[in-house]
Each structure stands twice: as C-alpha cells, then as structure tokens.
1. Of all the residues that make up the stretch 173-190, how many are buried (at least 18 other Cβ atoms within 10 Å of the Cβ) and over 17 Å from V65 (Cα atoms)?
2. For the stretch 25-67, how many residues meet the condition of being among the polar types (S, T, N, Q) and either touching a strand residue (DSSP E or B) at 6+ places or on another chain (Cβ under 6 Å) or modelled with pLDDT under 90 (or both)?
3. Could you check, for the stretch 159-172, whether at least one of its residues is open to solvent by less than 40 Å² (accessible area, probe 1.4 Å), touching a residue at least 40 places away in the same chain (Cβ under 8 Å) and within 23 Å of V47 (Cβ to Cβ)?
4. Filter the stretch 62-85 down to the residues that are open to solvent by 30 Å² or more (accessible area, probe 1.4 Å) and either under 11 Å from the mean Cα position of the chain (by Cα) or among the basic types (K, R) (or both) and list them by number.
5. Evaluate the following for V88: is it open to solvent by less than 60 Å² (accessible area, probe 1.4 Å) and within 18 Å of D182 (Cβ to Cβ)?
6. For the stretch 119-151, which residues satisfy the criterion of being among the aliphatic types (A, V, I, L, M) and either under 20 Å from A64 (Cβ atoms) or modelled with pLDDT under 95 (or both)?
Amino acid sequence: MLLALGLAPVLSGCLGSAPKPAVNWTMEFERPAIASPVGEVLTLGPVRLAQVNVRAPYNGARLAVLRADGSVAFDNYNQFAAPPPQLVRNAVEDALECSGRFPGVINAGSSVSTPYVVEAAVTRLALDCRREGRREAVAEVELMLICDHKRVSVARAGRSVPVTGGNFTEAFSEALGAATTDAIRQLKND
C-alpha cells in the first residue's frame with residue numbers, strides 16, 4: 001500500500017491531460033501571385049524540376065525559429081504537414097509553370113524526356129523572431145537551369161513576410177512563392 005501511494009504522485013503526470021497537439025502547416029504557390037510571364041522564354045522545350053534540396057537545419061517537420069541570440073530553436077507546436085522538400089517541390093513546380101518562361105513543366109515521375117532541367121535548393125526556411133515583437137516567415141531559394149547536363153544559369157533570391165493572425169501557411173507560401181518567382185525572373189539563357 002505504501003509503495004502504491006508513493007508512486008501515485010509520479011504516475012499522475014502521465015495520466016493527466018495530453019499535451020497540446022502540434023498544428024500542421026503547408027506551403028503552396030498562389031497562382032495569381034505573379035503576372036505571367038516574368039521574362040522571355042528560356043528554353044525550346046519543357047523543363048523538369050529534377051532535384052529539390054532543403055538544407056539542414058530547415059529540412060525537418062518542426063518550424064525552425066531564428067532567435068535574437070543567434071541560435072535556432074524548433075517549435076514543438078507548429079510543424080509542416082509534410083517534409084519541407086515535398087512541399088517546396090510542389091510550390092516550385094507550380095511557380096515554374098506559371099512563370100511563362102518555359103513551354104511546359106514535366107512532372108519528375110514522368111517518362112517524357114527533355115534536355116532542360118531545373119534544380120532547386122532552399123538555403124533558409126525559418127520563422128525569424130530575431131527582432132522583438134516581429135515574426136516573419138523567411139525563405140531563400142537558389143535555382144539552377146541546366147541543359148544537356150551543363151549549367152546554363154544560377155539565380156538566388158530571398159523574401160521575408162510578416163506572419164499575421166498566426167497563419168504560417170499564408171506567410172510561408174508567400175515568402176517561398178515570392179523568392180522562387182524572383183529567382184525564376186533572374187534566370188538567363190546565355
């Protein structure tokens with residue numbers, strides 16, 4: 001009996017209310033976000049988004065939070081609904097399609113061949129809380145246009161968007177979409 005009473009306070013924490021579940025957020029490209037086209041057509045044929053890389057530590061499900069002291073924290077209560085590389089792939093494919101700079105975009109799983117490839121790297125995808133009283137979704141993107149396995153052009157762009165009303169989907173979608181559109185606009189066919 002004493003043993004059972006002695007364990008009661010220890011076990012009560014396990015039997016209490018469950019922790020607050022994490023909220024899942026996504027990233028999408030808002031098609032009307034850009035006026036098509038954003039520049040001259042770059043390729044003679046369709047392009048394939050071959051590779052998407054989201055650099056660590058931004059590639060995990062939990063939102064990375066940049067803090068004023070230079071550290072990075074991970075939000076236990078806000079996370080992406082799918083791995084960031086998958087969400088980024090969808091948004092970048094949609095941005096490439098909407099840009100008007102390519103005669104088409106071929107899905108990565110398609111058997112259609114094309115000599116034109118785009119590789120994407122997200123170098124930063126975080127909630128920036130370094131300034132007191134401000135929360136901003138930050139996305140930095142690098143795109144590489146390749147033809148016949150040779151680099152044609154590389155473009156980099158970044159955007160930060162204030163988080164309003166706690167809507168991380170809206171803020172991250174806008175930041176990623178704007179950064180991707182800016183990078184697409186910078187691509188050249190030299």
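The values are calculated or read from the model by the stated rules, or taken from the named source; none is laboratory data. Please read these numbers as outputs of a predicted model, since none were measured by experiment. Using ideal geometry, Cβ is built from the backbone for each residue, glycine included, and neighbour counts are taken over all protein chains shown. Accessible surface is based on the protein model in full, side chains and every heavy atom, while ligands, DNA and RNA are left aside. Shrake-Rupley method; radii C 1.70, N 1.55, O 1.52, S 1.80 Å.
1. 10
2. So the count comes out to 4.
3. no
4. Answer for the stretch 62-85, where residues must be open to solvent by 30 Å² or more (accessible area, probe 1.4 Å) and either under 11 Å from the mean Cα position of the chain (by Cα) or among the basic types (K, R) (or both): R62, R67, P83, P85.
5. yes
6. A120, A121, V122, L125, A126, L127, A137, V138, A139, V141
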